[in-house]
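One structure is given here, and the rest of the page talks about it.
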Amino acid sequence: MKSDIVEEVKKKRGRGRPRNPDKKVYVKTGRPAGRPNSYSDKIAKHILKQLVHGIDRSLTSICRDENMPSLKTVYNWLDKNHPSYQEDFFNSYKISKMFQLDLIYDKIIEIADDDRKIILTKMVKDRHGKVIIKKVEKSLIPRHKLQIQSLKWLASRLQPRKY
């Protein structure tokens, strides 16, 4: 009797719902397949290349990308006391950070040399109630000053002996 009910329910269900592509896939271990946690030269080269390409990419933002290891995993590769420490990656990471500092220095010079101004348009009423469009030229110097101070601070923290 019970088996008849089970078979009836199975017939009504059919093969089940189609698989959701956004759902995590579970491997035989029972854990979701996701971020890589073992070291690979391909992933390490990608991380180092992204670091060198600009100051806009931090290690945190790189690790947020799809198919990238977690930040903790990368720090384990850099930690000399951790079993997954990678000496080659550590040395390459130091060199990449030095290149990144040079980019910061170049960015500071670029910002300091920028003498552009922005033109703002304001709609103002005169004393007769007529609307007048005024163009106001505004300097970007305060903004540039803040950017330069922030970059200098960052450089001094990343390489205190050099900057």
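Only the coordinates and a few stated rules stand behind these numbers; no lab work does. What you are looking at is a predicted structure, and each value in this text was computed from that prediction instead of being measured. Ideal geometry is used to build each Cβ from the backbone, glycine not excepted, and the neighbour counts take in all protein chains shown.
Compute the distance in nm between two label points, each set 7 Å from the Cα along the Cα-to-Cβ direction, one at residue 117 and one at residue 85.
Between residue 117 and residue 85, the simple spin-label model gives 5.8 nm.
Spelling out what I want: for every residue of segment 60-67, take phi, set θ = phi - 60°, compute 6.51 cos²θ - 1.76 cosθ + 1.60 (Karplus), and round to whole Hz; glycine and proline get x.
Result, ordered by residue: 4, 5, 5, 6, 6, 4, 5, 6 Hz.
For every other residue with a beta carbon closer than 12 angstrom to the beta carbon of residue 73, add +1 if it is Lys or Arg and -1 if Asp or Glu, then tell me the sum.
Local net charge: +1.
Quick one: net charge around residue 92, please, counting Lys, Arg +1 and Asp, Glu -1 for every other residue with C-beta under 14 Å from its C-beta.
Here the charged neighbours net out to +2.
For the peptides 113-119, 143-149, what is the packing order when you average, over each peptide's residues, the other Cβ atoms within 10 Å and list the highest mean first?
143-149, 113-119
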